[in-house]
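To start, the structure under review is shown below, and the notes come after it.
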Amino acid sequence: MLGENQRDSDEDSEDDESERGSRKRPNVSSFTTLLNSLISGFLPNWGCLRSGNNMLNIPTQAFPAPGSQQRVAPSGQSGRNKVALKPGHSLMDWIRFSKSGKDLTGLRGRLIEVTKEELQKHNTRDDCWTCIRGMVYNVTPYMDYHPGGEEELMKAAGMDGTDLFDQVHRWVNYESMLKECLVGRMATITTKAAMPPPSAMGLAPPQLLAPPPDKDSRPRYDWFQTDVAVHLVVYAKRKIPSSGCTIVDLKGGVLRLEVLLGKMSYMIHLSLADEVEGNLEANTGFSVGKIQISIRKQAKGKWTSLGQPLESHNTFLRKKDRALYYRDCVLVSKTEVNHNSHVFRLQLPRGTVMHVPVGKHVYLKALIKDTEVVRPYTPVDQSLAAASHNSSQESDLYLMIKVYPDGVFTPHLSSLHIGDCVSISGPEGTFSLRPLHDVTHLYLLAAGTGFTPMARLIQQALQDTDTMRKTKLLCFNRREEDILWRCELDDLAANTDRFQVEYVLSDPCDSWSGRTGRVEESMLEEFLTRPEGSKCYVCVCGPTAFTEITIGLLKQQGFSEEELHAFQG
């Protein structure tokens, strides 16, 4: 996103570059802490650490953890309560400090098993341990580096904070940020009665999700073949959204197909029975709920099976319980938008079919200073006019990204050359176009790079929504040169009666004749009109403070939860 996560205002920082993505944020400020603190992404999973002659096996975590930060909160609750950090306590400062070789655990490199009683003893500001997903960390050294402040971290002091952590940030990898703070594993208590009898076949894998009462409601798949091709068919048993619900990756003979059905995810994961061509075709019958994947065989002949099932094959789970899957995309162009922002065009690999629906975002991942850093961004189209040329068929991704010179992630992106690769996840977020189906007046309030999710919303409203009589964008920036796609917005407004745009500058030059200042009540009262018989909807995107203030003002003006949508980060 320069998009959903990357917004700027008068206080630009790459920390506010973490997207506005999905729905209601759980009312748990508890671990907004470790989350905000860890707002920088993650490190490769690691399998085991040694302590003397003892081996401590550390389970590989499925990342990102469940419970995404990427949700849109109609109420505007952000959950991010940043504090002013002392000089020298930025994210990069923490990375440098954690790699300095200092003992951050207090155990001189030993790894121990921690009992519940032992964990509870370490619950003070100067001695703070917490547990996430079975692993215990000494977060005492991290207190002064945490953007949420020590008060937030202390809410998980001496406790298991896994549930609180999972409910807020799906994409944050605490393993990277707290690797040097690892104390050890939580001790487990087992009894003979709890141990299952041994089996020659081994233990069955745990059931991730109890099947629904009506088993017939679960999607299923089948396959058929000719001498030259193999065809896999998914029957969703429900209508399929017309925008981007299918992601297919074919690489090295392994087929991974994920179908997004609301909050649920159906997956096919197979090592194919024989060699195939690298390309594939995906066709969807939206109204009948059918998806067909066609792959050409390298050699003519009949297969006796489709292939060997792999992890998570033929499973129907909650989307948030799936780990993100990344594929390497190639940078094919970089186009300047303004003095500090570019549109990066990324080409999906051969064998991948993926479209990102309006209002959704993707995660970008990169290894920076030996640490995996992750950031979310909302794709845009190549231009505001691109949608008129059937951009839904465009397979490349366009990301409008502002480069923060002192940031962690965007300088790395800016340094990439044409032909370099970037790891990108599938679509995330729970934004839905359904509320817009009978809306007559759509109002978009964007600050800085909060404009990016609005770009495709504008196109959607003007082209695909029959009832929409007016779409208005109020764009907040610091200076005139910061406005994104201004010429395109002005051209669209000049040629389309149904679209209107206004700009607000907080630091204008003397020649500026437009609106000035910051978001405030009288400005919104003037901009957001409610014609008789109209149905209005308001979307807000920008830095956390901007979003919270704006949502509060809108509620004061009588807008209900159902009429508001805040892209949060």
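The values are calculated or read from the model by the stated rules, or taken from the named source; none is laboratory data. A quick note: this is a predicted structure, and the numbers were derived from the prediction, not measured. Counting neighbours? That spans all protein chains shown, and the Cβs are built from the backbone with ideal geometry, glycine included. SASA here: full protein model, heavy atoms, side chains in, ligands and nucleic acids out. Shrake-Rupley method; radii C 1.70, N 1.55, O 1.52, S 1.80 Å.
For this structure, a couple of remarks:
- Residue within the range 415-436 that is assigned to a helix (DSSP H, G or I), open to solvent by 20 Å² or more (accessible area, probe 1.4 Å) and under 20 Å from LYS334 (Cα atoms) present: yes
- For the criterion of being more than 30 Å from the chain's Cα centre (by Cα) and touching a residue at least 60 places away in the same chain (Cβ under 8 Å), ARG478 fails.
- The set of residues from the range 459-508 being among the small types (Gly, Ala, Ser) and surrounded by 13 or more Cβ atoms within 10 Å (Cβ to Cβ) comprises ALA461, ALA493, SER506.
- Restricting LEU399, LEU364, LEU346 to residues that are modelled with pLDDT of 95 or more, among the hydrophobic types (A, V, I, L, M, F, W, C) and touching a Cys at 6+ places or on another chain (Cβ under 6 Å) narrows the list to LEU346.
- Selection status of ARG318, more than 30 Å from HIS412 (Cβ to Cβ) and open to solvent by 20 Å² or more (accessible area, probe 1.4 Å): yes
- Restricted to the range 95-159, the set of strands (runs of 3 or more DSSP E) holding at least 1 residues that are under 30 Å from ILE368 (Cβ atoms) and in contact with a strand residue (DSSP E or B) (Cβ under 8 Å, 6 or more places away or on another chain) comprises 127-132, 135-138.
- Qualifying residue in the range 181-194 (condition: outside any strand (DSSP E or B), open to solvent by less than 80 Å² (accessible area, probe 1.4 Å), at pLDDT 75 or above and touching a helix residue (DSSP H, G or I) at 6+ places or on another chain (Cβ under 6 Å)): no
- Any hit, the range 441-450, residues being over 23 Å from GLN568 (Cα atoms) and either in contact (Cβ under 8 Å) with a residue 40 or more places away in the chain or open to solvent by 40 Å² or more (accessible area, probe 1.4 Å) (or both): no
- Some residue of the range 102-110 being under 30 Å from ASP406 (Cα atoms), open to solvent by 60 Å² or more (accessible area, probe 1.4 Å), at pLDDT 85 or above and not acidic (Asp, Glu): yes
- Residues that are modelled with pLDDT of 85 or more and small (Gly, Ala, Ser), drawn from the range 420-431: SER423, SER425, GLY426
- Residue match in the range 159-178 (condition: at pLDDT 85 or above, open to solvent by 80 Å² or more (accessible area, probe 1.4 Å) and of a type in the set (D, E, K, R)): yes
- In the range 312-350, the residues that are within 19 Å of the chain's Cα centre (by Cα) and among the basic types (Lys, Arg): ARG318, LYS319, LYS320, ARG322, ARG327, ARG345
- Screening the candidates GLY253, GLY278, GLY285, GLY262 for the property of being outside the structural domain of CYS421 (by the TED database), surrounded by fewer than 20 Cβ atoms within 10 Å (Cβ to Cβ) and within 23 Å of PRO376 (Cα to Cα) yields one hit, GLY262.
- If you filter the range 288-306 down to residues that are free of Cβ contacts under 8 Å to residues at least 60 places away in the same chain and over 21 Å from PRO241 (Cα atoms), you find that the one that is least open to solvent (accessible area, probe 1.4 Å) is SER305.
- Some residue of the range 509-518 being of a type outside the set (Lys, Arg), open to solvent by less than 10 Å² (accessible area, probe 1.4 Å) and at pLDDT 95 or above: no
- Test: residue in the range 326-335 that is surrounded by fewer than 21 Cβ atoms within 10 Å (Cβ to Cβ), closer than 26 Å to ALA455 by Cα and without any contact (Cβ under 8 Å) to a residue 40 or more places away in the chain: yes
- The criterion of at least 2 residues that are outside the structural domain of LEU261 (by the TED database) and under 21 Å from ALA236 (Cα atoms) is met by none of the strands (runs of 3 or more DSSP E) falling completely within the range 304-358.
- Yes/no for PRO453 being assigned to a helix (DSSP H, G or I) and open to solvent by 20 Å² or more (accessible area, probe 1.4 Å): no
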